[in-house]
Every structure is written in C-alpha cells, then in structure tokens.
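The values are calculated or read from the model by the stated rules, or taken from the named source; none is laboratory data. All values reported here derive from a predicted model rather than from experimental measurement. Ideal geometry is used to build each Cβ from the backbone, glycine not excepted, and the neighbour counts take in all protein chains shown.
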Amino acid sequence: MKECFIGGTIVHNLTSRDKFSAIQEIIHKAPVFSGAKDTKKIKNAVLDREKIHSTGLGRGVAIAHGETEEVDNLTITLGISPGGIDFDACDKEPAKLIFIITHPPGMCSEYIIALAAITRVVRDNIFRNALQGCRSSCEAEKMICDAFKSSLKKYRLPAV
C-alpha cells in the first residue's frame, strides 16, 4: 500500500457529469495509470463493478473499485468534482470525492484494509471540506496521503 496517493493519483476539477464518465475520466487522466498495460480493461473492471451496485457512500463520497490483472499493485486514485456527480448514494448527495481502487487478483485483504482506511479518513466532515477546497492536485495528494498513512497505523500496518 506504500504507493497509494503518491505521485499522480489525484485528478483535480473533474468535468464529467455522470458516474460512468467520471470513472473513465479519472482513469484516463490519473498519471499513475499512464504506464498501465491496457487502461480500457482497467476502466471496464471498475465500470462493470459499478453496474452491479452503486459505490456512492454518501456525504459526498464514492469509492468505485475493480479487480484486474492490468495493475500490478493496489492503486488508489481520487477525482475531485467541484459540482458533484450523482452516484446513487443513499443520502442522495452528489459525490465530490470519487475514489477508485484497483487491485490485481489475490489482493483482497489489502483492498479491504485500504477501503477501511479511506472510509475512516472521509468520515470527518472538516477533512472532506478541506480536501474539496484544495487548489491543486499536489496539495490534495499530500493531504490525503498523510491522512491515509495515519489511518493505516490504526490497523498496525506499515504505511511505507
């Protein structure tokens, strides 16, 4: 999980208007995926999962995810949407923070820990608002990286 939120994982100011386009935009624009074997397969893995059941958590957060052999490690990206995107969350609030977690087969336990750590971090309303207010991808990346590492410590796992 040491690569999470380090170098090219944030897409600031999403322009997409629906959840499927937003997922594609994040995967297309996140530099962390630029070296991927086949980004179309990554997109399909996440989109296929989203079609099964919405990943809108509520409180302006969605965590889309997919398992694919096209990534070598657990990868977490974040897209920030100023206007929000409907992710069919139970509270009907649009998602402004859209996380995407991808992982290769066999990394389910790491995925669950990462999901729990992100969920713990975004529970805090002040943190969510501060993250949405970041002026650049670098600023947002530092903020979420620090919070994610701190959250991982609660699971007694090394963050680096």
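So, in the range 22-71, how many residues would count as being at positive phi and not basic (Lys, Arg)?
At the first step, the residues of the range 22-71 found to be at positive phi are 58-60.
Right, trim to not basic (Lys, Arg) and you get 58, 60.
Total meeting the criteria: 2.
Tell me whether the range 131-147 contains one or more residues that are assigned to a loop (DSSP other than H, G, I, E, B), at pLDDT 90 or above and surrounded by 13 or more Cβ atoms within 10 Å (Cβ to Cβ). Walk me through it before giving the result.
Residues of the range 131-147 that are assigned to a loop (DSSP other than H, G, I, E, B), as a first pass: 133-136.
Of the ones still in play, those that are also at pLDDT 90 or above are 133-136.
Pick out the ones that are also surrounded by 13 or more Cβ atoms within 10 Å (Cβ to Cβ) and you get 134.
Yes, the range 131-147 contains a residue that is assigned to a loop (DSSP other than H, G, I, E, B), at pLDDT 90 or above and surrounded by 13 or more Cβ atoms within 10 Å (Cβ to Cβ).
Specify the residue that is surrounded by the most Cβ atoms within 10 Å (Cβ to Cβ); the eligible residues are those in the range 64-116 that are of a type in the set (Val, Ile, Thr) and assigned to a helix (DSSP H, G or I). It would help to see each step written out before you state the result.
Initial filter on the range 64-116 (of a type in the set (Val, Ile, Thr)): 68, 71, 75-77, 80, 85, 98, 100-102, 112-113.
Add one more test, that the residue is assigned to a helix (DSSP H, G or I), and what stays is 112-113.
On the way: Ile112: 10, Ile113: 17.
Across the range 64-116, the extreme among qualifying residues is Ile113.
Hey, can you tell me all the residues within the range 32-43 that are surrounded by fewer than 16 Cβ atoms within 10 Å (Cβ to Cβ) and part of a helix (DSSP H, G or I)?
First pass over the range 32-43, keeping only residues surrounded by fewer than 16 Cβ atoms within 10 Å (Cβ to Cβ): 34-35, 37-38, 40-41.
Residues satisfying the conditions are Lys40, Lys41.
Condition check: under 12 Å from the mean Cα position of the chain (by Cα) and at negative phi. Does Ile76 satisfy that? Outline the logic, then answer.
Values: under 12 Å from the mean Cα position of the chain (by Cα): yes; at negative phi: yes.
Yes.
When you scan the range 22-31, how many residues do you find that are surrounded by fewer than 14 Cβ atoms within 10 Å (Cβ to Cβ) and either among the small types (Gly, Ala, Ser) or closer than 21 Å to Glu110 by Cβ (or both)?
Qualifying residue count, the range 22-31: 0.
So that you can scan it fast, the table gives a plain yes or no per residue for (1) touching a Lys or Arg at 6+ places or on another chain (Cβ under 8 Å); (2) under 26 Å from Asn125 (Cβ atoms):
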{"residue": "Phe5", "(1), (2)": "no, yes"}
{"residue": "Ile10", "(1), (2)": "no, yes"}
{"residue": "Phe20", "(1), (2)": "no, no"}
{"residue": "Lys37", "(1), (2)": "no, no"}
{"residue": "Ser54", "(1), (2)": "yes, yes"}
{"residue": "Ala62", "(1), (2)": "yes, yes"}
{"residue": "Thr75", "(1), (2)": "no, no"}
{"residue": "Phe87", "(1), (2)": "yes, yes"}
